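The values are calculated or read from the model by the stated rules, or taken from the named source; none is laboratory data. Because the structure is predicted, anything quoted here is derived from the model rather than measured. Neighbour counts are summed over all protein chains in view; Cβ atoms, including those assigned to glycine, are modelled from backbone coordinates with ideal geometry.
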Amino acid sequence: MRTEVNISNDMLIWAINRSGYELPEISEKVPNLIKWLNGEKKPTFKQLEVFSQKVYLPFGYLFLSEPPKEKLPIPFFRTNNSKEEKVSINVYDTILLLQQRQDWLSNYLKENDFKKLPFVGKYNNKNSVNDIVTDIRKKLGLFENWANQFQTWTGALNHLIEIIEDKGIITVFNGIVGNNTHRKIQVDECRGFVLTDEYSPFMFINNADGKATQMFTVAHELAHIWIGKSAGFDFRKLQPADDPIEKLCDSIAAELLVPKIELNKFWKKQKTINKAAKYFKVSEIVIARRLLDTGEISKSHFFEFYDEYSNREFVKKQNQNPGGDFYATALKRLSRTYSSHINNALNSGQLLFLDACKLTGLKGDTFQKFFAEHVN
């Protein structure tokens, strides 16, 4: 005999709204949902379990007397200066997922006598851009025009990520929630976020974003770590929100990637974005953004260039082979440094196998192959 359950309409409607689905859309995925809402039928435990999975909700939440108050744990800045705190469930769950991983890693590092990272929160918004940029370069071992030594800007980006990870900063490149390809994170909603911590700062970069703009996001998040401020941002058209911290981090990122004095010297000789991009080993869009900062081009010119460049990148992406190496992708989604700590904790008996699976989103043979062949 099937056991039917009394669930209030308020909880069902809240769960649907929370998931971001419209009622007609979710009704196609959950048979009898309309009848539950109309009181014609009652759901069984099994049906409710399926419903909770479809709306990305912990099963037990449905039995609460009223919806819980869920608050975003970090400030989230929007370019259009919207004061709305709510983000999509996919962004919200990703932030919580990385917080869980950060909590584990921070505790693990403390228990194993790792030292605090001295650069986290070393500065604040009263310090000058140049002072902070100079310290970032010094800590990462970067000279002023450091990217010029690489043949391409993608080579420069890969080098930057490598040294960031070596310093203990976890860099996560992902465009979905965990490994769930059905739960995409829209770039216009979240270009990235950063969770500061004295032992294990985490940077999230939306991998669905164009590679050309990811470098600026990385630099922007580095700035957040140096001033010790967690935050998320949509950073539409590479424009910061109207907030002092966001503007400071934006200026730090710009100076770190393209020093103003060097750019001015180059621009006097060759007023060509493409050549400047090749010289500084950043993407054309980053050069255009820097020229906007320095007043060499207008906002209308920049936005026009941004749209044209984005269209170019979109066409290029459409023509690329959508396939890829799952394990290489998983390493980027988890981060090389984080994966190494998981592996060490597992091998030393400080982490159970099942817990390691939960902390990575990998299981079974996939887990075994990933750590055996792709993690040092």
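For the range 9-32, the tally of residues that are in contact (Cβ under 8 Å) with a residue 40 or more places away in the chain and not in a helix (DSSP H, G or I) stands at 1. Would you pick out the residues in the range 342-376 that are among the aromatic types (Phe, Trp, Tyr) and surrounded by 16 or more Cβ atoms within 10 Å (Cβ to Cβ)? The answer is 367, 370, 371. Residues that are in contact with a Lys or Arg (Cβ under 9 Å, 6 or more places away or on another chain) and in a loop (DSSP other than H, G, I, E, B) within the range 274-291 comprise 282, 283, listed in sequence order.
Could you please tell me which pairs satisfy a Cβ distance under 6 Å, a separation of 6+ or placement on different chains, a first residue in the range 348-376 that is closer than 21 Å to residue 103 by Cα, and a second residue that is in a loop (DSSP other than H, G, I, E, B)? Correct list of pairs: 357/363; 361/178; 361/179.
Find the residue count for the range 248-273, including only residues that are loosely packed, with under 14 Cβ neighbours inside 10 Å and part of a helix (DSSP H, G or I). Selection size over the range 248-273: 5.
Conditions (1) in the same structural domain as residue 332 (by TED's automatic domain parsing); (2) under 25 Å from residue 79 (Cβ atoms); (3) out of contact with any His (no Cβ under 8 Å at 6 or more places or on another chain), marked per residue:
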{"site": "144", "(1), (2), (3)": "no, no, yes"}
{"site": "148", "(1), (2), (3)": "no, no, yes"}
{"site": "180", "(1), (2), (3)": "no, no, yes"}
{"site": "192", "(1), (2), (3)": "no, yes, no"}
{"site": "200", "(1), (2), (3)": "no, no, yes"}
{"site": "206", "(1), (2), (3)": "no, yes, yes"}
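Of the helices (runs of 4 or more DSSP H) lying entirely inside the range 292-376, those carrying at least 3 residues that are over 19 Å from residue 175 (Cβ atoms) and modelled with pLDDT under 95 are 299-318, 364-373.
Within the range 40-65, the only residue that satisfies the criterion of being part of a loop (DSSP other than H, G, I, E, B) and either touching a Pro at 6+ places or on another chain (Cβ under 8 Å) or at pLDDT below 90 (or both) is 65.
Within the range 175-220, restricting attention to residues that are farther than 19 Å from residue 121 by Cβ and either in a helix (DSSP H, G or I) or aromatic (Phe, Trp, Tyr) (or both), the residue that is farthest from the chain's Cα centre (by Cα) is 212. If the condition is being crowded, with 19+ Cβ neighbours inside 10 Å, in contact with a Lys or Arg (Cβ under 8 Å, 6 or more places away or on another chain) and outside any loop (DSSP other than H, G, I, E, B), then the range 221-247 contributes 226, 233, 238.
Being buried (at least 17 other Cβ atoms within 10 Å of the Cβ), of a type in the set (Ser, Thr, Tyr) and part of a loop (DSSP other than H, G, I, E, B) narrows it down to one residue among 79, 94; which is it? That would be 79, the only listed residue that is buried (at least 17 other Cβ atoms within 10 Å of the Cβ), of a type in the set (Ser, Thr, Tyr) and part of a loop (DSSP other than H, G, I, E, B).
The set of residues from the range 1-34 being more than 35 Å from the chain's Cα centre (by Cα), of a type outside the set (Val, Ile, Thr), farther than 15 Å from residue 63 by Cα and surrounded by 13 or more Cβ atoms within 10 Å (Cβ to Cβ) comprises just one member, 32. For the range 66-94, residues that are at pLDDT 95 or above, closer than 16 Å to residue 17 by Cβ and of a type in the set (Ser, Thr, Tyr) total 1.
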